[in-house]
1. Could you check the range C:265-308 and list, in sequence order, the residues that are under 22 Å from the mean Cα position of the chain (by Cα) and without any contact (Cβ under 8 Å) to a residue 24 or more places away in the chain?
2. When you look at C:Ile208, is it away from every other protein chain (no Cβ under 12 Å) and of a type in the set (A, V, I, L, M, F, W, C), yes or no?
3. Can you find even one residue in the range B:97-106 that is aromatic (Phe, Trp, Tyr) and touching a Phe, Trp or Tyr at 6+ places or on another chain (Cβ under 6 Å)?
4. Condition test on B:Phe39, is it assigned to a helix (DSSP H, G or I), more than 14 Å from chain C (Cβ to nearest Cβ), open to solvent by 20 Å² or more (accessible area, probe 1.4 Å) and at pLDDT 85 or above?
5. Out of all the residues in the range A:247-285, which are more than 14 Å from chain C (Cβ to nearest Cβ) and surrounded by fewer than 19 Cβ atoms within 10 Å (Cβ to Cβ)?
6. On the given criteria, is B:Ile77 open to solvent by 10 Å² or more (accessible area, probe 1.4 Å), within 14 Å of chain C (Cβ to nearest Cβ) and in a helix (DSSP H, G or I)?
Amino acid sequence: MIQDKIFNKTLLIIATLFLLLILGIFITLIIFSLPSWQEFGLSFLWQTEWNPVRNEFGALPFIVGTLLTSFIALFLCAPFSLSLSFFLGEYCKKGVFFQTLKGGIELLAGIPSIIYGFWGFFVLVPQIRRFQLYLIDLRMRTETGSIQEKLLEALEIVPYGVGILAAALILSIMIIPFAASLGQEVISMVPQDLKEAAYSLGATRFEVIKKVIFPHARSGILAGIFLALGRALGETMAVTMVIGNRNILTWNILNPANTMASLIANEFPEASDPIHLASIIQVGLWLFIVTFIINLCGKLIIHKMNYKE
Amino acid sequence: MKEKNIRRRLIKDRLFLILIGVLSLTALIPLIFILGYIFRNGIRVINWDFLTQLPQPVGEETAGGIVHALVGTIIIIGLSFFLAVPFGIGTGVYLSENRNTRFSVIVRLCVDLLMGVPSIVVGIIAYAWIVRFQGFSALAGSIALSILMIPMVVRGTEETLNLIPPSYKEASLALGVPYYRTMLKVIIPSGFGGITTGVLLALARIAGETAPLLFTALGSNFLNVNIFKPMHTLPLLIYDYATSPYKEWHHIAWGASFVLVIFVLVLNIISRLVIKKWKIQF
Amino acid sequence: MRKIVILFLSIFILVQSTKAYGTELIGAGATFPYPFLSQVFNIYHRETGTRVNYQAIGSGGGVNQIINRTVDFAGTDAYLTETQLQQAEKNVLHIPIILGAVVVSYNLPENPQLNLTGEILADIYLGNITRWDDDRIKELNPDQSLPALPILAAYRSDGSGTTFIFSDYLCKVSSEWEKEVGKGTSLRWQTGLGGRGNPGVAGLLTEIPGTIGYLERNYANQSNLPVASLKNKAGHFVAPTTHSISQAAEVDLPPHNRVSITNSEAKEAYPICGFTWIIVYEEQKYGRRTPERAQTLAQLLEWLIKHAQEYAVSLDYSPLPPSARENALNLIYSMTYDGKTLIEGTPNHNP
């Protein structure tokens, strides 16, 4: 049928255009970062020095910072967003309470990230600092030579408050609404007859969730979480307010650090030296690639899980 | 023996419910705090003038308003919506209809890729493509925002359509309905709720974006409805004013945040009404 | 429904696009003069009907815009580098508009009034001085009780003209700083914590005891933060005031005005000051610019120097001293369109 053909062609064209869009972005980023490629080559990836005055640039501290904050945020957010999606998707599906809760969650997705940043800075960071002071206090009181003392010593706590942990916390708060509302949507779409069949066999609600709903909606839930991770990776304003913006490599989650996105937002508006500008854009390009790899891993995980069934 | 087993299962069920409830509530606490923070600080400055006046310089008697940013936000968001939604839903439908071809696998990867691109990089792209040749304009800002929106819409559409039981499509086709009508009249409407949620989340996200607009829409302190000229939006205004030294401007920033939240709320309510009207009930 | 909306939208776009491009000047750049410029442009709009749209996207961003010719003028706190001048291809003018200062603030118990020197600041930010009860700080402040707190040095994490002026000053007073760090809008910091923008640094200052940080003066004033007096080149300890900042520009200025005035030789000058410039092309005929547009721009700039300086003080900025105004007017009168002078005038300015 002619209409069917037109319909299919249109879809194909749209999808192709989408592909071209991505390709265009990719090529633009490469062209704009060319001077920095020529200067540093691939060593850009493992150099740890970022010195705009001397024009020495390396991206490793930011790659580490990005991965640390995003994954910690993801682990922190997963149990909460899962619970919320089960709660809204299965336990409390209708009524005023549901509407308020769901509306409220979607509302939160629209708060500008700079406000999360301010809130994190003035409310969350002092709490973390209090916690760090408590740890220092604890170290003073523990017996010398004990394991706890060595552990606390190894953490090298300086009570800044700001740092990777603070950034991960604020990120997880920001992405909960995303993950939860997509999760809720897919959970509520699990066919009623499947659930009813399980109930009629005498399954409890927990068992229905575990054996019917979760397997059915798993890919959607994971997709929601990865979507949230995408936001976490690219988040700038909120992170930059609480991470301490120190461009030095660190693995300690209590230390200040910096992420790729936050670095770009910090330095791009003022960068004027061509090589500085190119290096910043190259960081953007690598963020693109890091996101790609993480998504690929996510895909593999989902694929493995479905395969095992 | 049997009874014990049942009791154990019931206890497990109850424990799970409690766990879910506690975790959900814990997740809500910071969120409620943040909303409360905005409401408390924002509601004080909201009045009719705030919504209908242009800003006044620091030190004048009246603080002025944010009408230019409000109008700009509506225009820019609306424009992005029209740019992104057909594109996004089209790609989403394509992906869910052609799940395992090599081409769709590549496209799907690209969707994921675009999702993680920081918004400021999208701003840089829009700057490189449009602003350098045409100058700053609201349109350039909308294009940047729609690039941010598309992957979320695609993802929402695809995930939702994948969950629609194949029996719907089969039933429709068996009745002799052409394929394209089946898609447009049965499958997409069935997934309307999920698709709308995806679109709404995308809209909510871009409504709060500052970074991609800084180098595209630029901003303007005057009321402007010409999409080929610079235009202000609420997040730009919040960013400018919140980082300024002056108390009066901080108040305006809080007021604007409040308005932005209400704006998202209104979007939300509208979409619920739309869903109610359009969604096919089963 | 959707068709109607699309139709409506396309009509809207068509109608809008046919409208002629009115006189609306676009400027972009430094965040520092944004409150001042938005105020005076508002007044200018009321007086003349000309719309001037200035947006704060950062000095570097502004300079890039003038190089790419997407704006009529750029605002910047850091003068153009040699590379940038080359990129601009044609001759650009640095027209000083206002004076700004970077102040040093701190968070100590009871907030004593401190005296500091540039060398000490450099050593703090290099990590050589790490405690508030260091002998060198004590020596300068014999009457103050300094706590035994570690010093936390707060800096701007975003690239900024403030950082440029601050590091420019430190380069002039400390050879070690010049060797190890240098000057720029973004630096490789040796120690301390970064805050985003003035609010970020002010936040660190108010939240963490023992912090020292540098800020724009109007931000520190509006937030009631304590500020240190600094030793200037003449050897006096000077607090940042409108007067002491204006004094910093009371030196022999080169006609092109592309000059740093940190560590000024003037006797009463506060040492960490800088001009904020508006950057325009000397020859205004480029791209699709009309002579009217160029004329409007020149008139605006003349007005900024002649009539807008008085508004600066109430916003904690410092007006240009007479010599700098003369300098600025000379530059404005040298603007041309197709080789013809835009405004004939003599800089003799009688306020």
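1. Passing the criteria: only C:His307.
2. Criteria not met by C:Ile208.
3. no
4. yes
5. Result: A:Trp251, A:Asn252, A:Ile253.
6. Yes: the conditions hold for B:Ile77.
Each row is one residue, and each column tells you yes or no for (1) open to solvent by less than 10 Å² (accessible area, probe 1.4 Å); (2) outside the structural domain of C:Ser229 (by TED's automatic domain parsing); (3) closer than 18 Å to A:Glu270 by Cβ; (4) modelled with pLDDT of 90 or more.
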residue	(1), (2), (3), (4)
C:His94	yes, yes, yes, yes
C:Ser105	yes, no, no, yes
C:Pro112	no, no, no, no
C:Asp143	no, no, no, no
C:Glu178	no, no, no, yes
C:Val181	yes, no, yes, yes
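So that you can scan it fast, the table gives a plain yes or no per residue for (1) at pLDDT below 75; (2) assigned to a helix (DSSP H, G or I); (3) more than 12 Å from B:Leu113 (Cα to Cα):
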{"position": "A:Ala271", "(1), (2), (3)": "no, no, yes"}
{"position": "A:Ile275", "(1), (2), (3)": "no, yes, yes"}
{"position": "A:Trp286", "(1), (2), (3)": "no, yes, no"}
{"position": "A:Thr291", "(1), (2), (3)": "no, yes, no"}
{"position": "A:Ile294", "(1), (2), (3)": "no, yes, no"}
{"position": "A:Ile301", "(1), (2), (3)": "yes, yes, yes"}
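The values are calculated or read from the model by the stated rules, or taken from the named source; none is laboratory data. Since we're looking at a predicted model, the values are computed, not measured. Neighbour counts are summed over all protein chains in view; Cβ atoms, including those assigned to glycine, are modelled from backbone coordinates with ideal geometry. Heavy atoms of the whole protein, side chains included, go into the accessibility calculation; ligands, DNA and RNA do not. Shrake-Rupley method; radii C 1.70, N 1.55, O 1.52, S 1.80 Å.
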